[in-house]
Every structure is written in C-alpha cells, then in structure tokens.
Amino acid sequence: MSPALTVERTGPGGAVARLTLARPEVHNAFDAALIGALRTTFGTLAREGPTELRAVVLAGDGPSFCAGADVAWMRAAAALDVETNEQDAMAMADMFEVVDTCPVPVVVRVHGAALGGGMGLCAVADIVIAERGTRFGFTETRLGILPAVISPFVVAKIGESEARALFPGGRRFDAVRAQRIGLVHEVVEGEAALDAAVDAAIRDVLAAGPTAARAAKSIIREIRGLGHGSAKWHTARTIARQRVSAEAREGLAAFTEKRRAAWMPDEDAGGG
C-alpha cells in the first residue's frame, strides 16, 4: 500500500474498509502516487464478495479532507506536452470512475476543506457527511485551469444549474450551501459528531442485506438513460431475482419472527 493512503478493516468480519488520505502536510492534495493508490485500492476492493466487503469509508488525515491537486505536481505537469497531460488526466478520470462504480456504499467523511478534486471525491460518494466548518469550492479557475475531469460526476450530483453558477468563478462556500445543492447529505457540528454520524451511516448499511445493498446501489446506475419500457422490464427482472434469493428469504423470515437477520451485526458492535 502506498504511504499516501492507509487502509483499515473494521466491522463484522472486517467488512468495512476505512481508507484515509495520508498526505496531511499538503492537505491531502492529489499527486500521481495518491491517484494511483486510490485507483488500485478501489479496484481491488471491487473484486471482494458481498459478505467480504459491505461498506467503504473515505476520510482525510490532518487539517483537511482534500484540497484538490498538489500545486507542485500541477506545475510540473504544465511543463509537459499535451499528450502526457492527457495521460495524467485520464489516470485521474479512471480513479474517479473506479470510486463511482464501487459496488458497495461509499461514505465520505469531510472536514476542513474539500476543494477541486476533493469535490470530485464528494461527487462520486454515496453518502457525504461534513463538519459544519468545512469549506468547499471548485477553485480550479483561480489557478488558470478548470474542473474538467470531475465535471461528469459533479454535474450528475448537483445539476447543470449549480455547476454553471459555481464552476467559472471558483468561489468557496460553506457546508450549508454544499448540502443545499446536493453535494453533502448531512452537516454536523464538530469532529466527534462527524465520527458519530459516519458510524451511524455504516450501521444503516450493515442493517441491509449485503446483496440487496449492492443491487440497490447498482440499479440507480442501470436505469440511468433507460426509456420507460426498458426501465420497467429491467426493474421487474431485478426485484424478481432478489425476491427468490436466500438473502430475501432470511430477511422476510427474520421480520416475521421478530429477530435480527443473520447479516446484521449485534447492536453493541457499532458501526465498526
């Protein structure tokens, strides 16, 4: 594992992967090593089965979650030719895509600052929980560049109208606005509350059937762009397969018998 990214396994059977951006001296800014570590780690996690991996938490060490791209790395890139810069940009795009397509829910713990590429990580997450004092911004244009690679993910998350208002000027904004535009789902006061909210989100995920949680996340992507007829048939087939699964039978039996389903951790186990 790269020193730029640490991984800890917690929860029942180590089914929760907790990833921490570990470049606190530069506010966890992206460079080639961190981009590569994220891409490789999420790619490896994606190959784990439903009971082996049930949730991912992504956080940042030090004073900030992620301050975007490392200025020294960008300055070096500016001295390279267009083709080499395209390769670098594609590596970053691949990294965001592998996070976006992670089969299990990804919870992002945001504090301090989420700027530029850090906003991209928020956009590809499923659940974003932020400390109230966090500052957000698509600040690339103030460096003479633009939020290009993250734009497909960000526009899908916050919509074209908000992107048009925020991309060109690069103004920073607070967690309340980030929540209002749909980038953040929950805002809490203080880092203790932040940790508690992340743990609560993980408990929710662990309460769901492992294959059901994956299928519920997947169907959102699968119906994107489908016409009404195609979506109707696809969703009918999907729920039919899930209804006859052993997991569904166990879930319905547990509900009827007023007991915890087999996949649920003990209440005192916490969010892991």
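Each value in this text was obtained by applying a stated rule to the coordinates, not by laboratory testing. Here the structure is a predicted model, which means the values were calculated and not measured. When we count neighbours, we look across all protein chains shown, and the Cβ atoms used for this are built from the backbone with ideal geometry, even at glycine.
Just a few scattered comments:
- Ranked by how many other Cβ atoms sit within 10 Å of their own Cβ, fewest first, the residues 264, 92, 119 fall in the order 264, 92, 119.
- Mean silhouette area of region 117-189, derived from the convex hull of its C-alpha atoms and averaged over all directions, reads 4.2 nm².
- Computed on the Cα atoms alone, the convex hull of region 164-249 gives a volume of 127 cubic angstrom per residue.
- Selection of trypsin sites (Lys or Arg not before Pro), region 219-253, meeting DSSP coil and at most 11 other Cβ within 10 Å: 224
- For region 16-102, the spherically averaged projection of the C-alpha convex hull amounts to 5.8 nm².
- Enclosed volume per residue, in Å³, of the convex hull spanned by Cα atoms of region 211-269: 91 Å³
- Put the Cα centre of region 195-241 next to the Cα centre of region 1-73 and the gap is 24 Å.
- Coarse-grained scattering of the chain at q = 0.14, 0.17 Å⁻¹, given as base-10 log I(q)/I(0) from a Debye sum over alpha-carbon atoms: -1.02, -1.39
- Helical content alone sets the calculated 222 nm signal of the chain at -14500 deg cm²/dmol, taking -39,500 (n - 2.57) per DSSP H segment of four or more residues and averaging over every residue.
- Sorting 90, 74 by the number of Cβ atoms found within 10 Å of their own Cβ, with the fewest placed first, yields 90, 74.
- Placing unit charges on the Cβ atoms only, positive for Lys and Arg and negative for Asp and Glu, gives region 5-205 a dipole magnitude near 420 debye about its Cα centre.
- Anchor residue 232: lysines whose Cα lies under 22 Å away (excluding residues fewer than 8 positions away in-chain): 217
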